[in-house]
Amino acid sequence: MIAISLNDLYERKLSLFDLNDQKVKKWTVKWWNKITTDRKLDLTLYSKDIRLIEIDSIEHKDVREVGIEWMCYNIWQKLKINEVLQRNGFSEQEIQLVQKQVISGAVHLASELATAKWIKENSAICELFGFP
């Protein structure tokens with residue numbers, strides 16, 4: 001864990017989870033301070049001055065949510081609702097439409113117009129079912 005933490009510091013990686021082990025934190029800080037004060041590494045490798053892209057300023061404007069939609073989709077599959085709909089005469093396209101409407105209604109409870117706007121701007125639900 002100490003080696004991984006040191007590599008992450010060197011590569012300027014941010015961890016999604018805090019390191020809970022105090023001994024690992026202590027030794028990582030101790031060794032990192034020793035490495036940097038003794039100049040044992042070329043720390044310009046990950047310097048902001050040599051980056052071709054300013055990573056801290058990157059923005060993604062076409063982000064889609066998929067987490068809760070994916071969870072609902074998996075629940076739908078486990079309950080075998082498609083089979084029930086097929087036995088009752090629904091076509092494949094109608095089943096996809098029902099899935100999209102029911103799941104989007106469960107995830108984003110709003111009017112039909114607001115839900116349609118949410119699907120268009122924020123959700124990846126259509127990609128789950130193959131809709132454009």
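The values are calculated or read from the model by the stated rules, or taken from the named source; none is laboratory data. Please read all numbers here as calculations on a predicted model, not as lab measurements. A quick note on method: Cβ atoms are made from the backbone with ideal geometry, for glycine too, and the neighbour counts reach across all protein chains shown.
Sort out which residues of the range 43-87 are among the basic types (Lys, Arg) and either outside any loop (DSSP other than H, G, I, E, B) or modelled with pLDDT under 70 (or both), and write them in order of number.
Lys48, Arg51, Lys78, Arg87
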Query raised in the report: Here are some conditions: (1) at pLDDT 80 or above; (2) among the acidic types (Asp, Glu); (3) within 19 Å of Ile119 (Cβ to Cβ). Asp21 meets all but one. Which one does it not meet?
Result: (3)
Query raised in the report: Of all the residues that make up the range 24-42, how many are surrounded by fewer than 12 Cβ atoms within 10 Å (Cβ to Cβ) and at pLDDT 80 or above?
Result: 5
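Only one residue in Phe131, Phe90 is modelled with pLDDT of 85 or more, over 17 Å from the mean Cα position of the chain (by Cα) and assigned to a loop (DSSP other than H, G, I, E, B), so which one is that? Quick ask: steps written out before the conclusion?
Details: Phe131 fails: modelled with pLDDT of 85 or more.
When all the criteria are applied, what remains is Phe90.
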Query - Those residues of the range 1-39 which are more than 25 Å from Asp56 (Cα to Cα), part of a loop (DSSP other than H, G, I, E, B) and in contact with a helix residue (DSSP H, G or I) (Cβ under 6 Å, 6 or more places away or on another chain), in sequence order - result: Met1
Requested in this report: Output the residue which, of all residues in the range 51-104 that are surrounded by 14 or more Cβ atoms within 10 Å (Cβ to Cβ) and among the acidic types (Asp, Glu), is farthest from Lys120 (Cα to Cα).
Outcome: Glu69
